[in-house]
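A short reminder: the numbers here are calculations on the coordinates, not readings from a lab. This structure is a prediction, so every number in the text was calculated from the model and none was measured. In this analysis, Cβ positions are derived from the backbone assuming ideal geometry, glycine residues included, and neighbour counts consider all displayed protein chains.
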Amino acid sequence: MPDAVRRAAPIVTVLLALGVVWYGAAFALNHSAALAVVGSAAPLPVVVRAAWSLGRPLLPAPHQIVLTLIAGVFGESVTSPRSLVYHAAVTAETAAVGFLLALVLGVALAVAIVQTRVLDRSLMPWVIASQTIPVLAIAPMVVVVLGNIGLTGILPKALIAGWLSFFPITTAMVTGLRAPDRIAVDLLRTYDASRRDVFVKLRWPAAMGFLFAGVKVAATLALVGAIVAELPTGAQAGLGARLLAGSYYGQTLQIWAALAMASLLTLLAVGAAETAQRVLVARRGGRL
Amino acid sequence: MITTLVLLVSIAAGCAALVWLSARDGRRYAIATPLLFGALLLWCWEVVCIGFRVPPVLLPAPTGIAHAFATHLPMLGADFRQTVVRAVLPGYAIGCISGYLTAIALDRSAFLRRGALPLAGLLGAMPIVGIAPIMVMWFGFDWPSKAAVAAVMTFFPMFVNTLAGLAATGAMERDLMRSYGASYLQTLLKLRLPAALPFVFNALKLNFTLALIGAIVAEFFGTPIVGMGFRISTEAATLNLDVVWAEIALAAITGSLCFGALVLLERAVLFWHPSFQTFVPLRR
């Protein structure tokens, strides 16, 4: 137990410090708006309380965000467009479809790159170079063009999410498939193993650790892609649409709650990836 | 008919050339192969677009995009100035410098480091672009809000990487500095900061793309009528796809050029680091 305390104490301290700074900043930023509500003659505690409970604050206090989040998650029926669960589900669905597409294609492409020299030499440099390109910029065009040829709904958004998460998966998998030492490959060759055997028994298992590292990055990126893809369509549903609507109408609490929800989703996705990794490690007898 | 023929012939010839090139070792071939692959891709794109009369509202041909690029140069220049020079570069600089300095400051206390590192890692993994509407509300429609998004997005990778870099020196090297009677500041300046440089450069390279993405996405939330993100979203809505592609090409060129410049800078600054020394294996 003391070990857990020793590990948690610094994190809790930093969190508390952040909380104090946040409440202070919320008071400073909302000060004039609060004065307008309670009057400039009001005593300080009243002003402070008003600054931390405005309807449309410049910076909401943390408890306001938590309360809005809770109201959005539990206070509404799940199918209502006011429910954050509903919007989160729309975004999560998009991200999941895109992520699965990226996982299948990325792993397949990585295998092809590792197995064929032509692809490795001609395609791999482009995969690496594409990391330096702001891919999210194409989101509006993809949505508009695909909408133009009759493809609307989840697919254009999922394509953007998938496009974004495709690259970390591919690069991680290529690195992983190449990770085995020369000496291990040579050993298998002395056993008269075929290329296929080397792949199945050595390269693939060795790549899993790298794959999961890539998957964690990719899952986050898929969510970012899904959220940004919801912006240009003026979508009615999804956390991105929620952000945009909040931005139009100056509903800061709604923006922050959507952001918090997106962060929770990210945590959930990364947690799922970590659980999958742990299951795999357990099945392999404690090693990755 | 003739289009299909041209397409098939060029694909076959291109693949044969790629196979021939990739079977050869050497630096020149390693560069020529991807270049040929890119050229082949562009060529096929062009042939398909013109031969099959693909409507430009669906997919403009590369020559059409190049034409749009050439004819819209003043507009592209204005967008570049607004997004890259005014928003990305200041945001990038603010985010990177503050991340670097915060890491150095926090590094002195092991307690704070252990508290801040997991939290910063967590926050860095969040969809930070989502703060764009808040920044627009705080700093207005013009470039300051975009720079703010870029700064927040670049802060966390730099912070986490610098902390990791500061921890990268071995106990032996630190003991050596202590035996020289070096003060904290001397150890920091002469040993730990130089040793952290590879990590810092990693963050610098990663961050430029992040800053570009942050600024462009922030422009989707409201902007004066200039800027790359603004242009992309409005021209896409009116189906001027050649202009959109020209903007995307501009963003891609900016991203890769800056990445290339950072790689060159890294090589110039880190020439002494083991990872940049050519390893000559001993032969019996």
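Odds and ends about this structure:
- Cα gyration tensor shape of chain B, rounded if a/c is under 1.5, else prolate or oblate by comparing a/b with b/c: oblate
- Chain B: angle of helix B:2-22 to the longest principal axis, Cα-based, in degrees nearest 10: 30
- Across peptide A:117-129, the mean count of Cβ atoms from other chains lying within 10 Å of each residue's own Cβ comes to 6.
- Based on DSSP H segments of at least four residues, each scored -39500 (n - 2.57), chain A has a per-residue ellipticity at 222 nm of -25000 deg cm²/dmol.
- Bridging of residue A:216 to lysines at a Cα separation below 21 Å is possible for A:157, B:205, once same-chain residues fewer than 8 apart are set aside.
- Axis angle, to the nearest 10 degrees, between helix A:252-283 and the longest C-alpha principal axis of chain A: 30 degrees.
- Chain B: angle of helix B:241-269 to the longest principal axis, Cα-based, in degrees nearest 10: 30
- A simple rule links phi to the HN-Hα coupling: the Karplus curve 6.51 cos²θ - 1.76 cosθ + 1.60 with θ = phi - 60°, which for the range B:193-200 gives 5, x, 5, 7, 4, x, 5, 4 Hz, with x for Gly and Pro.
- Note on residue B:3 and residue A:117: the model spin-label points, each 7 Å out from Cα along the C-beta direction, lie 3.7 nm apart.
- The mean count of C-beta atoms from other chains within 10 Å of the C-beta of residues in A:251-263, rounded to a whole number, is 3.
- Neighbour-limited loop hits for chymotrypsin sites (Phe, Trp or Tyr not before Pro), the range B:144-188 (at most 16 other Cβ within 10 Å; DSSP other than H, G, I, E, B): B:180
- Residue B:98-residue A:267 FRET efficiency (beta carbon distance; Förster radius 25 Å; 0.05 resolution): 0.50
- Calculated FRET efficiency, residue B:112 to residue A:213, Cβ-Cβ distance, R0 = 22 Å: about 0.25 to the nearest 0.05.
- Whole-Å distance, taken between Cα centres, linking the range A:184-214 and the range A:156-172: 25
- Per-residue HN-Hα couplings for the range A:143-148 [Karplus 6.51, -1.76, 1.60; θ = phi - 60°; Hz; x = Gly/Pro]: 4, 5, 5, 5, x, 5
- Estimated at 0.36 nm per residue, the fully extended path between residue B:105 and residue B:261 surpasses their Cα-Cα distance by 53.3 nm.
- Computed extension gain for residue B:189 through residue B:70, at 0.36 nm per residue and net of the alpha carbon distance, reaches 38.0 nm.
- Ordering B:102, B:51, B:123 by the projection of their Cα atoms onto the charge dipole of the range B:1-151, which places +1 on the Cβ of Lys and Arg and -1 on the Cβ of Asp and Glu, puts B:102 at the extreme positive end.
- Rounded, prolate or oblate (a/c below 1.5 giving rounded, otherwise prolate when a/b exceeds b/c) for the protein assembly as shown by Cα gyration tensor: oblate
- Candidates per chymotrypsin sites (Phe, Trp or Tyr not before Pro) in the range A:185-288, loop by DSSP, up to 13 other Cβ within 10 Å: A:191
- The phi torsions of the range B:234-239, fed into the Karplus equation with coefficients 6.51, -1.76 and 1.60 and a -60° offset, translate into couplings of 6, 5, 5, 5, 9, 6 Hz, rounded to whole numbers, with Gly and Pro shown as x.
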